[in-house]
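Read through the structure below, which is laid out as structure tokens, and then see the notes.
Quick note: the coordinates plus some simple rules give every number you see, no bench work behind them. Given the structure is predicted, the values throughout are model-derived calculations rather than measurements. Here the Cβ positions follow ideal geometry from the backbone for every residue, glycine too, while neighbour counts run over all protein chains shown.
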Amino acid sequence: MDDILKKYLPERAVASCLELIQNTEVHLKIVNERVTRHGDYRRMPDGRHQITVNATLNKYRFLITLVHEIAHLAAFEKYGWQIKPHGKEWKHTFQHLMLPFIRPEVFPPKLLPLLARHFRNPKASSSTDAQLSVALKSYDEQQSDKSYVFELPLGSVFRLYNGKIYKKGNRRVKRYECVEMASGKMYLFQPNAEVELIKS
């Protein structure tokens, strides 16, 4: 397991992550990329615990995702199975488990202030924190040719990963109103949603 983790995690995080995995007796599965999620936690029918994490994530996002999922297990074990998946108990657990990693030996200096801000009140996904998500993306091995919704001019037409086509509208507080061209229905998009620009 040590050699596998070295491939996916920052070097100075491997030993601590291995200890977390062993202490929680979780089964870690590293899987091919899923577009809609970076990872997930499941309690299996036989009572075992399983975490899956996308293999394609860069080392820093992989670490955040792995600890995020272990925090689900740790929070359920400590507070009971009735708690909300991303409620205050999970947030507190995630903060506690992540704190030892937020240091310059593990993360690049430019990520540290963004991580410190994010972990004051962690969200259900680091992808909903636009600044952190964009900063993490710069460490991807393969740079995508996709655009972020917030970068597109008003009125741009774009395609989502599922093939549906939308037109960008106005910003509403944190998200953008986008109309699906086929149905005319309006949807709200996160600023850092990755899309394929068709026409600006």
Kirkwood calc, segment 62-200, C-alpha pairs only, radius in angstrom 16.9 Å
For segment 147-199 the translational diffusion coefficient, Stokes-Einstein from a Kirkwood Rh over Cα pairs at 37 °C and viscosity 0.692 mPa s, in µm²/s, is roughly 310 µm²/s
Low-density loop positions, GluC sites (Glu not before Pro), segment 100-153 - DSSP coil, at most 12 other Cβ in 10 Å: GLU105, GLU141
Restricting segment 156-193 to trypsin sites (Lys or Arg not before Pro) in coil, as DSSP defines it, with at most 16 other Cβ within 10 Å: LYS164, LYS174, LYS185
Dividing the convex hull volume of the alpha carbon atoms of segment 59-143 by its residue count, what do you get in Å³ per residue? 87 Å³
Percent of all alpha-carbon pairs of segment 81-122 at distances over 13 Å, whole number, is 55 percent
Which GluC sites (Glu not before Pro) from segment 1-63 combine a DSSP loop assignment with at most 14 other Cβ atoms within 10 Å? GLU25, GLU33
Can you count the Lys pairs in segment 2-137 with C-alpha separation below 17 Å, eight or more apart or on different chains? 13
From the Cα gyration tensor of segment 120-164, with a ≥ b ≥ c the square roots of its eigenvalues, which class applies: rounded if a/c is under 1.5, or else prolate if a/b is larger than b/c, or else oblate? prolate
Quick note, segment 1-46: a/c under 1.5 would make it rounded; otherwise a/b > b/c is prolate and the rest oblate (a ≥ b ≥ c, C-alpha gyration tensor); here it is oblate
In terms of modelled amide H atoms, which long-range or inter-chain residues lie less than 5 Å from the amide H of ASP140? none
Plugging the Kirkwood radius over Cα pairs into Stokes-Einstein for segment 2-137, at a temperature of 4 °C and a viscosity of 1.567 mPa s, what D comes out in µm²/s? 86 µm²/s
Sum of -39500 (n - 2.57) over DSSP H runs of 4+, divided by residues of the chain (222 nm, nearest 500): -10000 deg cm²/dmol
